[in-house]
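Heads up: the structure comes next, in structure tokens.
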Amino acid sequence: MQPYAQRRAALASQLAPGLVILPTSPELNRNADTAFPYRFDSSFYYLSGFAEPEAVLVIVTGDAPQSILFCREKNLEREIWDGYRYGPPAAREAFGFDAAYPIEELDERIVELMKNQPRVYFPLGQQAGWDGKLSAWLASVRALARTGVTAPGEIVEVRDAINEMRLHKDAHELDIMRRAGRINVEAHKRAMRFARPGIFEYELEAEILHDYYRQGSRFPAYTSIVAGGANACVLHYIENNARIDDGALVLIDAGCEIGGYASDITRTFPVNGRFSPAQKAVYEITLAAHEAAQVESRPGNSWGAVHDAATRVLAQGMLDLKLLKGSIDEVLETGSYRQFYMHRTGHWLGLDVHDAGAYMQKGQWRTLEPGMAYTIEPGFYIRPAENVPAEFENIGVRIEDNIVINDSGFELLTDHCPRSVAEIEDWMAAR
């Protein structure tokens, strides 16, 4: 639990005196009496390591910092039905809090903690019910004004400070993310080996999920995209219910979650194991864009340079394939390339698959620094149109890997997953 305690201390040290109040996520029902598998709030977990629902983290900042957990009490009857609960005393000991109390005591104790605090740090607007609770607590403290008690005069959004911390991964986090990357690589390799003409998309999804579970990842980080043929040109396609015909490409965008941390890989491959000439041409342009983005991934460079490098390669490829007309500068200036490439080249990665952290600072793309983890995922999507030759219609390609910036450049967290045309064809030939 040491990394979590260190993060709480680091947050308290950078905030002005006040009170941090951070609830975890609520449980959500899937239908009348069945809940979705519970997933904690990422920022709450980042600071606590505590994965149970109905919990609130409170951090007192200032000269005498302390961290307090409010959680469910032990309840042997409910544990028969729902499983183990720590309860406040065991949670305080196991997770290194200064104090822990039953969640039922939150309303009473939080009013005491808020007395004479100059400010409250809170995730405003994240959960509407909690915004109402905060208003009620403030009203209770203000009602004590005649007794000499002062109420917090300022409410500060706490997520900005936490998100900035989460953007820079520590050694504990990177160890988990490396494992998530290894698990995901093996799952994608399994799906390639299992693919064959006539297979349904959901059969490949099942192989991916099977391999996650087999390796210890109990949940995917997001709903898998398994898109055959024209479906690969739908960026967030998740129906995964179509038959994949001989000669079609398959785009699989799937990620596992381990220890709360996500991996996010996309691979595109021919279901029959051999790229057609048109498919190969589009794929190799996308791969070159992927490699160009890697070249720009180094400390001191800007986040925008990574995207710009990939986009220039893709745009030039569109001109080379006669999909667009004009010069490379015209294509980039007018944005005509967006007909075939309409998203950014990556996103931060961590406890959320689209992880916390600002992409710009003071109107400029932020500078890359060691510990920043993100995806590189250029794509090339060719829907039928007047300017599209028949042999390129419905080809959709995306290649995505996960990296972390280090002192000398970057570390590839999803290495050893077949990426080049030759690697993919050779791997699939051994089916």
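Bear in mind that the values in this text are calculations on the coordinates, not laboratory data. In this text the structure is predicted, and so the values were computed from the model without any measurement. Using ideal geometry, Cβ is built from the backbone for each residue, glycine included, and neighbour counts are taken over all protein chains shown.
Since only Ile110, Leu144, Gly125 are under comparison, the one whose Cα sits farthest along the positive direction of the charge dipole of the stretch 81-146, derived from C-beta charges on Lys, Arg, Asp and Glu, is Leu144. Dipole check for the stretch 222-329: with +1 at the C-beta of Lys and Arg, -1 at the C-beta of Asp and Glu, and the Cα centre as origin, the magnitude is about 260 Debye. In square nanometres, what is one fourth of the surface area of the convex hull spanned by the alpha carbons of the stretch 366-431? Average projection, Cα convex hull of the stretch 366-431: 7.3 nm². Fully extending the segment from Asp407 to Thr150, taken as 0.36 nm per residue of separation minus the present Cα-Cα distance, adds 87.7 nm. Backbone amide hydrogens, once placed in the peptide plane, bring Met372 within less than 5 Å of Lys169, Ile405, excluding anything fewer than 5 places away on its chain. Across the stretch 378-395, computed HN-Hα scalar couplings (Karplus, 6.51 cos²θ - 1.76 cosθ + 1.60, θ = phi - 60°) run x, x, 8, 10, 10, 7, x, 7, 4, 8, 10, x, 4, 5, 9, 4, 6, 8 Hz from first to last residue, x flagging Gly and Pro. Taking amide H as placed 1.01 Å from N in the peptide plane, Ser302 has its amide H under 5 Å from the amide H of Leu368, each at least 5 places away in sequence or on another chain. Applying the Karplus relation 6.51 cos²θ - 1.76 cosθ + 1.60 with θ = phi - 60° to the stretch 119-132 yields 3J(HN,Hα) values of 7, 10, 9, 8, x, 4, x, 6, 9, 4, x, 6, 4, x Hz, where x marks Gly and Pro. For the chain, the dipole from Cβ point charges (+1 on Lys and Arg, -1 on Asp and Glu) about the Cα centre works out to 240 debye, to the nearest 20.
Considering only Leu57, Leu15, Leu209, the Gaussian network model of the chain with Cα springs below 10 Å gives its largest mean-square fluctuation to Leu15.
Gaussian network model of the chain, Cα springs within a sub-10 Å range: biggest mean-square fluctuation belongs to which of Ala305, Ala356, Ala136? Evaluated over the chain, the most mobile residue of the options is Ala136.
For the chain, adding -39500 (n - 2.57) for each run of n ≥ 4 DSSP H residues and dividing by the number of residues yields -11500 deg cm²/dmol at 222 nm. In terms of packing, defined here as the mean over residues of other Cβ atoms within 10 angstrom, the peptides 1-10, 77-86, 390-399, 184-193 line up highest first as 184-193, 390-399, 1-10, 77-86. In angstrom, the C-alpha Rg and Dmax of the stretch 59-125 are 14.2, 44.
Phi angles across the stretch 160-165 convert, under the Karplus curve 6.51 cos²θ - 1.76 cosθ + 1.60 with θ = phi - 60°, into 3J(HN,Hα) values of 4, 5, 5, 4, 5, 5 Hz, Gly and Pro given as x. Full extension of the chain between Gln6 and Arg193 gives 63.0 nm of extra length, using 0.36 nm per residue less the Cα-Cα distance.
Dipole magnitude for the stretch 21-154: about 340 debye, using +1 per Lys or Arg Cβ and -1 per Asp or Glu Cβ, origin at the Cα centre.
In the structure shown, the pairs Lys169/Lys362; Lys280/Lys362; Lys169/Lys280 are assessed against 31 Å; a Cα-Cα span above that value is assigned to Lys280/Lys362; Lys169/Lys280. Its residue count N fixes a reference of 2.2 N^0.38 Å for the chain, and the Cα radius of gyration divided by that reference is 1.13.
Assuming a viscosity of 0.692 mPa s and a temperature of 37 °C, what translational diffusion coefficient in µm² per second does Stokes-Einstein assign to the stretch 298-431, Rh being the Kirkwood radius over Cα pairs? Using the Kirkwood radius from Cα pairs, D works out to 196 µm²/s. Under a 5 Å amide H cut-off, with hydrogens placed 1.01 Å from N, Tyr121 pairs with Leu19, Val20, Ile21, Val156 among residues at least 5 apart or on other chains. A Gaussian network model of the chain, with springs between Cα atoms under 10 Å, assigns the largest mean-square fluctuation among Asn29, Asn272, Asn406 to Asn29.
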